[in-house]
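Student: Quick one: the structure is below, questions incoming.
Read-outs throughout are calculated quantities, based only on the coordinates presented, and are distinct from any laboratory measurement. This one's a predicted model, so the numbers in the text were calculated from it and none came from an experiment. Reconstructed Cβ throughout: ideal geometry from the backbone, glycine too, with neighbour counts over all protein chains shown.
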Amino acid sequence: LCYRDLNNPRGQLNNLETLEQRHLLAVDVTAPLNDVVFTNNAIIEFGLGEHFTETSTTNSNIVEFSTNAPLADNNFFVELYDNTPITVDNFLSYVADGSYDNSIIHRSVSDFVVQGGGFIAPLIPADQPSSDPVSIPTMGTIQNEPGNLNNRGTIAMAKLGGQTDSATSQFFFNISNNSFLDSDNGGYTAFGEVLGSGMTVVDTLASASTYDAATYYS
């Protein structure tokens with residue numbers, strides 16, 4: 001994005017900022033904005049409420065994931081679906097009470113999923129007593145809400161094998177189109193999707209080295 005000084009129309013273009021892809025909420029235009037000519041040091045304010053309404057917005061549940069992925073921009077956003085209200089309310093309750101703060105990705109399967117929401121990162125070095133990850137206290141199981149596709153970029157609830165309504169706090173991101181999860185075990189509830197370029201972060205998390213800690217944390 002750039003602009004040219006109208007007082008010096010032959011001067012060079014001045015850069016403001018690099019545009020990035022963003023997910024925008026839909027709005028209705030009630031009164032178009034008039035063209036405005038900017039002059040040096042001018043401050044112009046707009047009351048956008050007079051020009052737009054949000055009546056066409058269908059979903060306001062967008063959550064930000066903050067990670068320690070080795071990227072310059074290591075956060076990403078997820079929009080939660082409005083057709084899985086039980087699952088979304090459950091997920092947001094864990095968000096609201098801080099249960100997911102400092103939690104870890106504890107399972108990663110190449111070209112399949114990365115899974116979290118189960119454990120808090122240990123604060124004690126691994127060679128010291130009580131260094132095991134701490135389980136996130138759960139609030140009980142919830143009803144399954146299948147129907148959305150488990151495509152790449154969606155977030156879904158993890159659950160126990162052979163138990164359709166067993167989801168609690170754990171979730172996973174689909175790294176590939178995992179269509180068999182749409183029907184397996186009653187179907188896994190996909191309740192949101194990663195926005196914009198956020199899968200760059202998720203893919204980076206998925207590419208991290210993994211270790212079989214089953215015996216260590218037995």
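Student: Between Met139 and Asn177, what is the label-point separation in nm under the 7 Å Cα-to-beta-carbon projection?
Tutor: 3.5 nm
Student: How much net charge surrounds Gly117 when only other residues with a Cβ under 12 Å from its Cβ are counted (Lys, Arg +1; Asp, Glu -1)? Walk me through the intermediate numbers first.
Tutor: Numbers: positive: Arg107, Lys159; negative: Asp101.
So the surrounding residues net to +1.
Student: On to the next question. I need the per residue convex hull volume for the stretch 89-177, using only the alpha carbons, in cubic angstrom as a whole number.
Tutor: Working: hull volume 10.7 nm³, N = 89.
Considering the Cα atoms of the stretch 89-177, their hull volume per residue is 120 Å³.
Student: While we're here: For Ile104, which sequence-distant residues (separation of 5 or more, or a different chain) have an amide H within less than 5 Å of its own amide H, given hydrogens modelled in the peptide plane?
Tutor: Result for Ile104 returns Gly117, Gly118, Phe119, Ala121.
Student: Can you tell me the FRET efficiency between Asn83 and Ser131 if r is taken as the Cβ-Cβ distance and R0 is 45 Å, rounded to the nearest 0.05? The partial results should precede the final answer.
Tutor: On the way: r = 41 Å, r/R0 = 0.92.
Approximately 0.60, to the nearest 0.05.
Student: Residues with beta-carbon under 14 Å from that of Gly186, excluding Gly186: net charge, scoring Lys, Arg +1 and Asp, Glu -1? Please report the intermediate quantities before stating the final value.
Tutor: Values: positive: Lys159; negative: Glu145, Asp165, Asp182, Asp184.
Around Gly186, the charge tally is -3.
Student: If you don't mind, there's one more thing I want to ask. When a/c is below 1.5 the answer is rounded, else prolate if a/b is larger than b/c, else oblate, so apply that to the stretch 81-131 with a ≥ b ≥ c taken from the square roots of the Cα gyration tensor eigenvalues.
Tutor: On the way: a/c = 4.65, a/b = 1.60, b/c = 2.90.
Taking the square roots of the gyration eigenvalues as a ≥ b ≥ c, the stretch 81-131 is oblate.
Student: What's the ranking of 110-120, 128-138 by average number of surrounding C-beta atoms within 10 Å, highest first?
Tutor: Working: 110-120: 17.9, 128-138: 11.9.
Result, highest mean first: 110-120, 128-138.
Student: Separate question: Considering only the other residues whose Cβ falls under 14 Å of the Cβ of Thr67, what net charge follows from Lys and Arg at +1 and Asp and Glu at -1? Numbers along the way, then the final one.
Tutor: On the way: positive: none; negative: Glu64, Asp73, Asp101, Asp203.
Charge balance near Thr67 sits at -4.
Student: Taking R0 as 35 Å, what FRET efficiency do you get between Asn75 and Ile124 from their Cβ-Cβ distance, rounded to the nearest 0.05? Show your work: numbers first, answer last.
Tutor: Details: r = 27 Å, r/R0 = 0.76.
In this case the efficiency is close to 0.85.
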